[in-house]
Amino acid sequence: MTTAPVITIENVSVFQENTPVLRDVSFSVQKGEFVYLIGKTGSGKSSLLKTLYADLPLMVGEAEVAGFSLRKLPRSKVPYLRRNLGIIFQDFQLLSDRTVSDNLIFVMKATGWKSKTKIRQKLTELLVEVGLGSAGNKYPHQLSGGEQQRVAVARALVNEPAILLADEPTGNLDPEVAEDILKLFIDINHKGTSVLMATHNHEFLNKYPKRTLRCIDKEIVED
């Protein structure tokens, strides 16, 4: 078991269409750590996360994520980086024409799973872990928003990632449902998966305090 940080970034500047949104950022996320990322809309939270999963190129500074150097990472290696990450969005991004089970199986097959027995076994494990043990045959439109986000979490866990990168995962949910999703993230974290979660919900910070990074004035400061 490695004890190296899951994320290490040094003197990184983050750009959105050649405009710097964050400058000279340095921080790390340790294995098994839970970190909030906060800041106003447009402060650079999403752009930072996109840089970490190589959706935006790293042009200034050095960053290593799940053992991959982002400055030296060719496009052909990006899928391998992302297999070590779980990426969760505000808007779920489920395939509407497929059942819950088929949404998860699609990701498994796309990332190299071949054994039907192992796929079925993992599918059952994932649905139970996120509290959707009986929802496998339902379509996304038959689920509540909270249930759809649980499917998205299950999808992110398919390849047992080193870290979950969550971009406002509760932003579209009612407060009570949002808190249930946060508790799911905390449970996953307690099992050893690191979490970096961007959020606007300051109630979370008060009720479930964790290490917090704040995007402000194009910098990241630790609260």
Item to check | Note, ³J(HN,Hα) from phi for region 180-191, Karplus 6.51, -1.76, 1.60, rounded to Hz, x at Gly and Pro | outcome: 4, 5, 4, 4, 4, 4, 5, 4, 4, 4, 5, 7
Checklist entry - Where in region 43-62 is the amide nitrogen less than 12 Å from a point lying 7 Å along the Cα-to-Cβ axis of SER13? => result 59-61
Item to check | GNM result for the chain, Cα springs below 10 Å: residue of ILE88, ILE163, ILE119 fluctuating most strongly | outcome: ILE119
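Which order results if LEU205, LEU164 are arranged by neighbouring Cβ count within 10 Å, fewest first?
Lowest count first: LEU205, LEU164.
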Checklist entry - Please identify the GluC sites (Glu not before Pro) of region 1-78 that satisfy two criteria: DSSP loop assignment and at most 10 other Cβ atoms within 10 Å. Which are they? => result GLU17
Checklist entry - Each residue of region 197-204 in turn: what ³J(HN,Hα) in whole Hz from Karplus with 6.51, -1.76, 1.60 and θ = phi - 60°, glycine and Pro shown as x? => result 10, 7, 8, 9, 7, 6, 4, 4
Checklist outcome for this item: Taking placed amide H atoms and a strict 5 Å upper bound, the residues 5 or more places from VAL21 or on another chain that come that close are VAL14, PHE15, GLN16
Item to check | Within straight-line cross-link reach of LYS116, lysines at Cα separation under 30 Å, skipping those fewer than 8 residues along the same chain | outcome: LYS77, LYS138, LYS191
Item to check | Under 19 Å from the Cα of LYS45 - lysines, other chains or at least 8 residues apart | outcome: LYS210, LYS218
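Fully extended, how many nm does the chain gain between ASP91 and LYS191 (0.36 nm per residue separation, minus their Cα-Cα distance)? All intermediate terms of the calculation are to be shown ahead of the outcome.
Values: separation 100, 0.36 × 100 = 36.00 nm, distance 2.54 nm.
Here the answer is 33.5 nm.
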Checklist entry - Between LYS210 and residues 5 or more places away or on another chain, which pairs have amide H atoms under 5 Å apart, with H built 1.01 Å from N, and which residues are they? => result none
Checklist outcome for this item: Note, region 212-223: 3J(HN,Hα) by Karplus (6.51, -1.76, 1.60, θ = phi - 60°), whole Hz, Gly/Pro = x, goes 10, 10, 10, 8, 8, 6, 6, 10, 10, 10, 8, 7
Checklist entry - Which residue, THR117, THR170, THR199, tops the fluctuation ranking in a GNM of the chain built on C-alpha contacts under 10 Å? => result THR117
Checklist outcome for this item: For LYS109, the lysines lying under 16 Å Cα to Cα, once residues fewer than eight places off in the same chain are dropped, come out as LYS118, LYS122
Next on the checklist: Contact order normalised by length for the chain, with contacts defined as Cα pairs under 8 Å and 6 or more residues apart; what percent is it?
Outcome noted: 30 percent
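Rule-based calculations on the coordinates, nothing more; no lab input. These figures come from a predicted structure and were not determined experimentally. Using ideal geometry, Cβ is built from the backbone for each residue, glycine included, and neighbour counts are taken over all protein chains shown.
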